1. Packing-wise, with mean Cβ within 10 Å as the measure, how do 92-104, 32-44 rank, highest first?
2. What ranking do 59-66, 71-78, 151-158 get when scored by the average of other Cβ atoms within 10 Å per residue, highest first?
3. Could you give me the ³J(HN,Hα) list for segment 167-178, computed from phi with Karplus coefficients 6.51, -1.76, 1.60 and θ = phi - 60°, whole Hz, x at Gly and Pro?
4. Measuring from the lowest to the highest alpha carbon on each principal axis, how far does segment 53-118 reach, largest first, in angstroms?
5. Please list the non-local residues whose amide H lies under 5 Å from the amide H of Ile85, H modeled 1.01 Å from N, same-chain partners needing a gap of 5 or more.
Amino acid sequence: MVYTNFPYHHCPKPENFILPAGSFSKEVPIGLLLALYREGMNSLDMAYRYISFFKIYEAWYKNYFAFRLTDNQLQKLKLERPVMIIKKELFEYPSNKNSKIVKHFFDREFNDKSIFKELFHFRNLLAHYLLDRHKDLVPHPHFISFDDLDVQQQIEDMTNLIERMATYILVIEFDLLAKCDEDFSRLFFPYRGLFKFN
């Protein structure tokens, strides 16, 4: 049986979506993160979307690459990163805000070790082709069935969560970089409207 009418929404709302050119990554390292963001937003595959956005979150959590470079500039200016908390205001649609899975993460900090562990575990379930080998998290290895609509709903909810987190991370990063460098602020001005929250 072919399902053509899924009871969930898995595409971003239609918008004029403008992203910096690919060559932008040669000018500032955060351009590579934007390339990941572009891949995630352009994909219709929920698992691929999740992994693309998770890579942005993982780089932020582990303070890799562009984020470490920003931190070096912030230290010189004696500025600190703001505390980032998963609030329901990050989510656009009532169905996303009311998801049991998403609610589980509300009011917790982005850099909470347990949150990273949960999101990384979910990333592994999607990336390592269905087989869960983490015996410390799950008693027995098992397969995830992408044919199960409940599983599809869970993947959609988790993808919505990580997309909102990745977007917010980039919003904050742009603001911090603008404080570090006036040229950076002018460079990014045309794209600031891309990352908006209600």
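A short reminder: the numbers here are calculations on the coordinates, not readings from a lab. Just so you know, these numbers come straight off a predicted model, no measurement behind them. Cβ: placed from backbone, ideal geometry, glycine included. Neighbour counts: every protein chain shown.
1. Details: 92-104: 14.4, 32-44: 17.7.
So the peptides 92-104, 32-44, ranked by packing, come out 32-44, 92-104.
2. Numbers: 59-66: 17.0, 71-78: 11.4, 151-158: 19.4.
Ranked from most to least packed, the peptides come out as 151-158, 59-66, 71-78.
3. Result, ordered by residue: 5, 5, 4, 5, 4, 5, 4, 4, 4, 5, 5, 5 Hz.
4. 42, 21, 18
5. Distant-sequence amide H within range of Ile85: Phe110.
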